[in-house]
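To start, the structure itself, in structure tokens.
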Amino acid sequence: MKNAGKGSRPSSRTHRPSRQILTDGAYETIKELVMDNQLEPGERINIEELARQLEISTTPVREALARLESDGLVRKRALTGYAVAPLLDLASLGHLFEIRHLLEPHAAAKAAKLATDTELANLREMVELMRTDDIGDAYGHYRAFAAHDTEFHALVACYSGNPILEQTLAGLHLQWHLYRLRFEPEVGLDTIAEHASIATAIVQRDAVAAAEAMREHLRQSEKRLLPVAQRRS
């Protein structure tokens, strides 16, 4: 193999980030704008302007928006392009929690019966991770906490042994919609305590207690969010 000459140009790959890296960066940046309501609910998204602000081409911005659409955070409209998804109103919040009350306590009870020892350890670990996460008012300060919160509920659904139930809950993208309504540090602390109660009951393989702990978590979550939804309705 020949050595590169002194005047050889280094490969552009060395200097230029891959498109996937650009897309990932655009995804996180736009998501933060949406979660912090800097892009307001219903606002049309100007792809060219975003690309200029991020100093990238429009391609990774479009790919990022497609991912955010699958998250339920933006919507694609015919002829007009992408717009930020609306916040949950009072009726939508009620419908969402109705589904959660039907499915998630059942998932917790099933997980208490079916989860393996490794899976039980995963639940305990997720609660401990949440205890170490930063909790602040802005999305950039609670990003990891929100991700672990989402993963905790996903693990409970997964360990229920019912893939259709798991897919149904995942398809709701419920955590992101709820965080857009309200997040404050004390909400995070309450959530950790409630998750710990759910995990403890599942680890103890107490299906009745696991279902009740999940119901209580859902009741408290709805109670925390209800005033916000009422103000918007």
| task | May I ask you to say which residue of R44, R16 is surrounded by fewer than 14 Cβ atoms within 10 Å (Cβ to Cβ), at pLDDT 90 or above, outside the structural domain of L172 (by TED's automatic domain parsing) and farther than 30 Å from T168 by Cβ? | result | R44
| Failed condition for G140, given (1) loosely packed, with under 14 Cβ neighbours inside 10 Å; (2) over 17 Å from the mean Cα position of the chain (by Cα); (3) not aliphatic (A, V, I, L, M) | (2)
| Whichever residue in segment 58-70 is under 29 Å from R231 (Cα atoms) and surrounded by fewer than 16 Cβ atoms within 10 Å (Cβ to Cβ) and, among such residues, is modelled with the lowest pLDDT | S70
| field | Total residues in segment 58-97, condition among the charged types (D, E, K, R), in contact with a Phe, Trp or Tyr (Cβ under 8 Å, 6 or more places away or on another chain) and within 16 Å of E40 (Cβ to Cβ) | value | 1
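Just to verify a result, which residue in segment 38-77, among those that are assigned to a helix (DSSP H, G or I) and of a type in the set (G, A, S), is nearest to L22 (Cα to Cα)? Spell out the reasoning first.
Filtering segment 38-77 for residues assigned to a helix (DSSP H, G or I) gives 47-54, 58-70.
In the following step, the residues that additionally are of a type in the set (G, A, S) were identified as 51, 64, 66, 70.
Working: A51: 11, A64: 9, A66: 14, S70: 18 Å.
My answer is A64.
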| remark: Over segment 19-41, the set of residues basic (K, R) and crowded, with 16+ Cβ neighbours inside 10 Å is K31
| task | Could you tell me which numbered condition T191 fails, if it satisfies all but one of (1) polar (S, T, N, Q); (2) within 25 Å of A229 (Cβ to Cβ); (3) surrounded by fewer than 15 Cβ atoms within 10 Å (Cβ to Cβ)? | result | (3)
| remark: Of E119, E125, the only residue that is touching a Phe, Trp or Tyr at 6+ places or on another chain (Cβ under 7 Å) and of a type outside the set (S, T, Y) is E119
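The values are calculated or read from the model by the stated rules, or taken from the named source; none is laboratory data. These figures come from a predicted structure and were not determined experimentally. Here the Cβ is made from the backbone with ideal geometry for all residues, glycine too, and neighbour counts use every protein chain on show.
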